[in-house]
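J.: Let me give you the structure first, and then I'll get to my questions.
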2 protein chains.
Amino acid sequence: MGQKRPRTNLDLVNECDNFPYYSDGPEVYKATLQDYYHFLLEGYETCLGYVTSTVAAQLPITQHWTRDDSKRRLIFQPRDDSGAPVQTLEERNNILAEYLQDVRERKIFRVLDGWRAELYPVYGPNKELLLNMERSASPLFGVVTYGVHLTGYVRTDEGMKIWTPRRSLTKQTYPGMMDNTVAGGISTGERPFECLVRECEEEASLPAELVRSAVKACGTLTYFHVRDARAGGETGLCQPEVQYIYDLEMPPDVIPSPGDDEAIDFQLLTVQEVQKAMADGRFKPNCAHLLLEFFIRHGILTEENEPEYIEISSRLHRKLEFPTA
Amino acid sequence: MGQKRPRTNLDLVNECDNFPYYSDGPEVYKATLQDYYHFLLEGYETCLGYVTSTVAAQLPITQHWTRDDSKRRLIFQPRDDSGAPVQTLEERNNILAEYLQDVRERKIFRVLDGWRAELYPVYGPNKELLLNMERSASPLFGVVTYGVHLTGYVRTDEGMKIWTPRRSLTKQTYPGMMDNTVAGGISTGERPFECLVRECEEEASLPAELVRSAVKACGTLTYFHVRDARAGGETGLCQPEVQYIYDLEMPPDVIPSPGDDEAIDFQLLTVQEVQKAMADGRFKPNCAHLLLEFFIRHGILTEENEPEYIEISSRLHRKLEFPTA
């Protein structure tokens, strides 16, 4: 394999936020949508996610589901034993959990081999919790998922440096790639900030008191990712994501270290070293995306050194076409 | 007139970024587009802006223009005296300038009463400069315009305070409303940072050395505004804008003061005072929009105190449907 040219920052953005935009070409956008089914919950008109045609064809259609091939809709309509629609969130969740467990055991989808036994929330048009869904199943239905990402940095005489972990070689997704200082998914019922404090302790052994007192919320990163082989499992699955962004300026004497088996180690890298690793494609795509946001916010990437400044700034904050929290 | 309820932050966003989104409702979006003509330059397929039907019908159609009512396109096709297409940017600009001067003298559009004798750039699909256009005419053609906005703040014992000017009562647009510390439009040929340094000196008497050494570039604010009566002139005109965002942490002893006739005065307001004035609708809409971005970036607005955090974060960084710089 020949030497690859370094990735530009726009290349990195295109790798993470890679579902087409209507405004870039209505025809391409509409043609892409023809490959997907709309995932809906009975009683709600709002599409909750996009399901690939392949997945829609493979999902078993039980009494709790309708697949409408002409309208390209996959509708979850949970029923009780008498065949009547169930009324409560708990009943819906139980039926969905049982269904996904059965799908998992039948080994229909490889993504379910990465079963997490962790529930992710799915929200409706009025921010109401509509469903809890097993984390590994969320890309099958293309629902929005939520996470926290923290950049831990140190101001040194040589300029800003960033604490950068390498992902464990045994991780199901993106093994060995470089990551943000701390990052994790938000389970149902968990507040973003509490999730962050927990992940900082688990992943990087950062004391909760430091995080609570010194961390700064800086906005959200939103993008619409379509999964490729590096994510593991089926490709083409939709992964629209919201990441709550946090900065932590760290005292020089605080050294993060892996507290669980997520990371191999942490390196304190200069901005130039981080940018080089990004250009070489060594970062997990959404982590490179987050670092671009960090670099723009800290005046490292500017309109003077980045020709695609305006485009990149928008692409870091995509307005998703599904309801969110 | 009864007491108005305070505006929410999402209300403020909706006031500034008020052109519909395709993803919020394709039918509404398409119906809205039916009210507009696409502004094109001959030889380029990319739409450069949206022109209201009323404006399209009133613009004189000379040998340099084609109005296609069936395709709803308004095409600028500058011709030389022999009727052949002109070849250079300079010739195009001269023809456009002469045309707009004529339209101005015929008093067809009220927005041209605010003639600025200042040229704004219009870019093509490859970021090439396609046209220079008189500033006051840009909303007639709905082309993207560019500006710089700076938030000057001071860290005090009582918390962060923000230097806030009130616009002159004699300004053509948004007289008497509150504004960002420094803000201005970028003319053709001017770099954003140099524009900022100039405006800081002109509008707020801030020394260039301070600005050059202490200012921080923090990204872009992008939105698609449709003008109402407060902007002066015709309503319904499209104003898609890119604002380059800068922060300036100011020493307590630097006091901004009006250097030209743009502002009445500057007040140093607490964050709470600024938020109250925003809720009361006292800020120029795009300046309130910019302050929301500032508050998110500085951890003042968070997911814990702002229910529309995700939506607002996206709406501050709209991906525009026209080419940009």
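The values are calculated or read from the model by the stated rules, or taken from the named source; none is laboratory data. Keep in mind that this is a model prediction, so the values were computed, not measured. So basically every Cβ, Gly included, is an ideal-geometry build from the backbone, and we count neighbours across all protein chains shown. Keep in mind that these areas ignore ligands, DNA and RNA; they rest on the heavy atoms of the full protein, side chains included. Shrake-Rupley method; radii C 1.70, N 1.55, O 1.52, S 1.80 Å.
J.: Within region B:247-264, track down each residue that is touching a residue at least 40 places away in the same chain (Cβ under 8 Å), among the hydrophobic types (A, V, I, L, M, F, W, C) and either under 20 Å from B:Arg282 (Cα atoms) or in a loop (DSSP other than H, G, I, E, B) (or both).
T.: Answer for region B:247-264, where residues must be touching a residue at least 40 places away in the same chain (Cβ under 8 Å), among the hydrophobic types (A, V, I, L, M, F, W, C) and either under 20 Å from B:Arg282 (Cα atoms) or in a loop (DSSP other than H, G, I, E, B) (or both): B:Met250, B:Val254, B:Ala263, B:Ile264.
J.: With respect to A:Glu311, is the statement that it is open to solvent by 30 Å² or more (accessible area, probe 1.4 Å) and either closer than 30 Å to A:Cys47 by Cβ or part of a helix (DSSP H, G or I) (or both) true? Spell out how you get there, then give the answer.
T.: Values: open to solvent by 30 Å² or more (accessible area, probe 1.4 Å): yes; either closer than 30 Å to A:Cys47 by Cβ or part of a helix (DSSP H, G or I) (or both): yes.
When the stated conditions are applied, A:Glu311 passes them.
For (1) at the interface with another protein chain (Cβ under 10 Å from one of its Cβ atoms); (2) buried (at least 20 other Cβ atoms within 10 Å of the Cβ); (3) assigned to a strand (DSSP E or B), each residue gets a yes or a no:
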residue: B:Leu210; (1), (2), (3): no, no, no
residue: B:Gly219; (1), (2), (3): yes, yes, yes
residue: B:Thr222; (1), (2), (3): yes, yes, yes
residue: B:Thr235; (1), (2), (3): no, no, no
residue: B:Gln239; (1), (2), (3): no, yes, yes
residue: B:Ile245; (1), (2), (3): yes, yes, yes
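J.: Another question about this same structure. Which residue, of A:Ala204, A:Ala231, is farther than 21 Å from A:Thr156 by Cβ, in contact (Cβ under 8 Å) with a residue 40 or more places away in the chain and more than 14 Å from every other protein chain (Cβ to nearest Cβ)?
T.: A:Ala231
J.: Would you be able to say whether some residue in region A:269-286 is in a strand (DSSP E or B) and over 21 Å from the mean Cα position of the chain (by Cα)?
T.: Yes, region A:269-286 contains a residue that is in a strand (DSSP E or B) and over 21 Å from the mean Cα position of the chain (by Cα).
J.: Taking region A:136-152 as the region of interest, how many residues are away from chain B (no Cβ under 14 Å) and either surrounded by fewer than 19 Cβ atoms within 10 Å (Cβ to Cβ) or touching a Pro at 6+ places or on another chain (Cβ under 8 Å) (or both)?
T.: Residues that pass the stated criteria total 3.
J.: Please name all residue pairs, on different chains or six or more residues apart, with Cβ atoms under 6 Å, provided the first residue is in region A:301-322 and is more than 7 Å from chain B (Cβ to nearest Cβ) and at pLDDT 95 or above and the second residue is assigned to a helix (DSSP H, G or I) and surrounded by fewer than 19 Cβ atoms within 10 Å (Cβ to Cβ).
T.: So the pair list comes out as A:Glu308/A:Leu10.
J.: Are there any strands (runs of 3 or more DSSP E) wholly within region B:45-164 with 1 or more residues that are without any contact (Cβ under 8 Å) to a residue 40 or more places away in the chain, and if so which?
T.: In region B:45-164, B:65-68, B:73-76, B:129-134 are the strands (runs of 3 or more DSSP E) which contain 1 or more residues that are without any contact (Cβ under 8 Å) to a residue 40 or more places away in the chain.
J.: Criterion first (over 30 Å from A:Asp35 (Cα atoms), among the acidic types (Asp, Glu), touching a helix residue (DSSP H, G or I) at 6+ places or on another chain (Cβ under 7 Å) and open to solvent by 20 Å² or more (accessible area, probe 1.4 Å)) does A:Glu249 satisfy it? Walk me through how you get there before you give the answer.
T.: Details: over 30 Å from A:Asp35 (Cα atoms): yes; among the acidic types (Asp, Glu): yes; touching a helix residue (DSSP H, G or I) at 6+ places or on another chain (Cβ under 7 Å): yes; open to solvent by 20 Å² or more (accessible area, probe 1.4 Å): yes.
Considered against the rule, which asks whether it is over 30 Å from A:Asp35 (Cα atoms), among the acidic types (Asp, Glu), touching a helix residue (DSSP H, G or I) at 6+ places or on another chain (Cβ under 7 Å) and open to solvent by 20 Å² or more (accessible area, probe 1.4 Å), A:Glu249 comes out as yes.
J.: Taking the conditions exactly as written (buried (at least 21 other Cβ atoms within 10 Å of the Cβ) and under 16 Å from B:Asp260 (Cα atoms)), does B:Thr170 satisfy them or not?
T.: No.
J.: Continuing with the same structure: Filter region A:1-44 down to the residues that are of a type in the set (A, V, I, L, M, F, W, C), in contact (Cβ under 8 Å) with a residue 24 or more places away in the chain and within 14 Å of chain B (Cβ to nearest Cβ) and list them by number.
T.: Answer for region A:1-44, where residues must be of a type in the set (A, V, I, L, M, F, W, C), in contact (Cβ under 8 Å) with a residue 24 or more places away in the chain and within 14 Å of chain B (Cβ to nearest Cβ): A:Leu10, A:Val13, A:Phe19.
J.: Continuing with this model, one more query. Any residue in region A:292-300 that is part of a loop (DSSP other than H, G, I, E, B) and away from chain B (no Cβ under 14 Å)?
T.: no
J.: Would you say A:Asp68 is away from chain B (no Cβ under 14 Å), more than 25 Å from the chain's Cα centre (by Cα), of a type in the set (Asp, Glu) and open to solvent by less than 50 Å² (accessible area, probe 1.4 Å)?
T.: Here the answer is yes, as A:Asp68 does meet what is asked.
J.: Looking at A:Val13, A:Val28 in this structure, which one is in contact with a strand residue (DSSP E or B) (Cβ under 9 Å, 6 or more places away or on another chain), at pLDDT 95 or above, in a helix (DSSP H, G or I) and among the β-branched types (Val, Ile, Thr)?
T.: A:Val13
J.: Looking at A:Asp69, A:Asp81, can you tell me which residue is at pLDDT below 95 and of a type outside the set (Ser, Thr, Tyr)?
T.: Among A:Asp69, A:Asp81, only A:Asp81 is at pLDDT below 95 and of a type outside the set (Ser, Thr, Tyr).
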